[in-house]
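Here the structure is laid out as structure tokens; the discussion comes afterwards.
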Amino acid sequence: MGRCPSCGAWNTFAEHAVATGTQAVSKKKNSNAARPVRLGDVVTSGASRSSSGISELDRVLGGGIMQGSAILIGGEPGIGKSTLMLQLLSSASITSSLYISGEESPVQIKLRAERLHLPLGQIELLHDTNLEHIEQLLRHKRPQLVIIDSIQTLFSEQLGPIPGSANQIKYTCMELIDWAKQQGSAIFFIGHVTKDGIIAGPKVIEHMVDTVINFEQAATGVRIIRASKNRFGSVDEIGVFTMNDTGLTPVGDPAAFFLGQREEEVPAGSIAAAVFEGSRTFMVEIQALTVASKSGYSRVYSDRIDTARVSRISAVLEKHLGLSFSSCDIYVNVAGGIRLNEVGIELPLALALYSALTGTRLSGNMLAVGELSLAGEVRRVQHMEQRVKTAAEMGFLTMIGPAADTKRPCTHAKKGGMDLILCHTIIDVIEALGHE
């Protein structure tokens, strides 16, 4: 029909394929009918992990790649997602794998693999974006590991030829996850991100997969991966890589990686902090700067520590130390570019802000750990023993932290050759440092 009988417009009719549902029925006709089972009767012995051959990736995944799992990995363009997946295929302890590319041509992928010095004969490649073609190949080859690069490029003929729509992404992702669960294969989806840094597409994709991994760029040549969701492990672990000519190289002992060169006397506004992520302790340097506000009201600039936390800590200092940040713009940075979330950074953040505003220099051989309440109390944080041990091994001489159960404002102790100054409140901390 050339003309619409309703609106009178010409050539506005488009053909759409109608899904009959027979495909879904035929795929499952050989499967057992759904019926309830006792949880105690569920067999778990078949669920096992395989090493990816990349230590930092295994750490974030919870110990390796779980059979039948679906992993979504997202990050900024050019951060190294495809590079990491190519390295995974060349190093994983898995007999059969398949790299499905919808963005780059086979020539581009081969050039990258040659540049990374990867074994080309070990990587099997498919360049296609049609879901039905991909499913047919997967059912025939049954690979143990599949890489989809990227999920936004796939389309199903059931929903039309245009990829990237919300329905296309949901449908193609669900079909591939269903195949992976049935076959016991692991599947990695590479996802695009929006300008805000979140994974593009419907949020339901993150609910459907088992693990969501985010790529971050901490500094030049440094990449960090962390899991925001993991059904098979912890979400507290982070993986640290350096980017060089041979690809992404894991950093085996990143305790001092973000600290840099320490001097006995550091500029005002800087202090070291012991951060516990997953099962490891990192030493980082928190930097603060305060300048007179030019706009008439105070603003906070901080992209590595939440700005709300910076505002709260500055308010605590105003209330209990009588400082005034209301006429200042506050800049907060973390050396090395790592993003910090845990509560143990609040006391060192408070000391960095105090040092920046008063111009007081703190010793480069000193670090701080502790949570700071609205009442100005310094509270204990988890894994203090590991933090103290790592700090002592790295040569720090003094640690300021929360007090033990005692009525004295501050106590002094010595552990591992390091002096511990343990205080109850932020006022006690400043007095212990000799700054009235």
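Read-outs throughout are calculated quantities, based only on the coordinates presented, and are distinct from any laboratory measurement. Treat the numbers as computed from the prediction; the structure is a model and nothing was measured. Cβ sites come from the backbone with ideal geometry, for glycine too, and all protein chains shown count toward neighbours.
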Helical contribution to [θ] at 222 nm, DSSP H n ≥ 4, -39,500 (n - 2.57), averaged over the chain, rounded to 500: -8000 deg cm²/dmol
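Need one word for the range 214-317: rounded, prolate or oblate. Basis is the Cα gyration tensor (sqrt eigenvalues a ≥ b ≥ c); a/c below 1.5 gives rounded, then a/b vs b/c decides.
Details: a/c = 1.99, a/b = 1.58, b/c = 1.26.
It comes out prolate by the Cα gyration axes.
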Efficiency of FRET between Thr95 and Ala166 - r from beta-carbon atoms, R0 41 angstrom, step 0.05: 0.70
The chain: relative contact order in percent, alpha carbon pairs under 8 Å with at least 6 residues between: 12 percent
Rounded if a/c under 1.5, otherwise prolate or oblate - the range 47-252, Cα gyration tensor axes: rounded
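How high is the relative contact order of the range 339-407, in percent, counting Cα pairs under 8 Å that sit 6 or more residues apart?
On the way: 72 pairs, mean separation 23.6, N = 69.
Answer for the range 339-407 is 34 percent.
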Net charge over other residues, Cβ less than 15 angstrom from the Cβ of Ser105 (K, R count +1; D, E count -1): -3
Evaluated at q = 0.06, 0.07 Å⁻¹: base-10 log I(q)/I(0), Debye formula over Cα of the chain: -0.36, -0.48
Dipole-positive endmost among Ala273, Tyr297, Leu372 within the range 237-387 (Cβ charges, Cα centre): Tyr297
Pairwise label distance in nanometres, Ser51 with Ala375, each label 7 Å out on the Cα-Cβ vector: 5.1 nm
Backbone HN-Hα couplings from phi across the range 290-305 [Karplus 6.51/-1.76/1.60, Hz, Gly and Pro as x]: 10, 9, 4, 6, 9, 9, x, 9, 6, 10, 10, 10, 7, 10, 9, 10
Tilt relative to the chain, helix 106-115 - C-alpha long axis, 0 to 90 degrees, to 10: 40 degrees
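Which of Met283, Met85 has the fewest other C-beta atoms within 10 Å, and how do the rest follow up to the most? Before the final figure, lay out each step's value.
On the way: Met283 23, Met85 19.
In order of increasing Cβ crowding within 10 Å: Met85, Met283.
For Arg231 and Met174, compute 0.36 nm times the residue count separating them, minus their Cα-Cα distance, and round to one decimal in nm. Provide the component values of the computation, followed by the final result.
Details: separation 57, 0.36 × 57 = 20.52 nm, distance 1.71 nm.
Gain in length upon complete extension: 18.8 nm.
Rounded to the nearest 20 debye, what is the charge dipole size of the chain about its Cα centre when +1 sits on each Lys and Arg Cβ and -1 on each Asp and Glu Cβ?
Numbers: 41 positive and 44 negative charges, 210 e Å.
That gives the chain a dipole magnitude of about 1000 debye.
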Karplus-derived HN-Hα couplings along the range 418-432 (A = 6.51, B = -1.76, C = 1.60, θ = phi - 60°), whole Hz, x at Gly and Pro: 10, 7, 10, 9, 10, 10, 8, 10, 5, 5, 5, 5, 5, 5, 5
Residues whose placed amide H lies under 5 Å from that of Ile330, excluding near-sequence neighbours: Arg299, Val300, Tyr301
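When the gyration tensor of the range 270-432 is built from Cα positions, what are the square roots of 5 times its three eigenvalues, in whole Å, from largest to smallest?
Values: eigenvalues 128, 63, 36 Å².
Values for the range 270-432, descending: 25, 18, 13 Å.
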Hz values of 3J(HN,Hα) by residue in the range 61-74 - Karplus curve (6.51, -1.76, 1.60), Gly and Pro given as x: 6, x, x, x, 8, 7, 4, x, 9, 10, 10, 10, 10, x
Angle between the chain longest axis and helix 81-91 axis [Cα atoms, degrees, rounded to 10]: 80 degrees
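Within the set of other residues whose C-beta is less than 10 Å from the C-beta of Cys423, count the net charge using Lys and Arg as +1 and Asp and Glu as -1.
Numbers: positive: Arg408; negative: Glu377, Asp428, Glu431.
Its environment carries a net charge of -2.
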5 angstrom amide H check on Ala218, placed H, neighbours 5+ away: Arg223, Ile224
Degrees, to the nearest 10: 131-141 long Cα axis against longest axis of the chain: 90 degrees
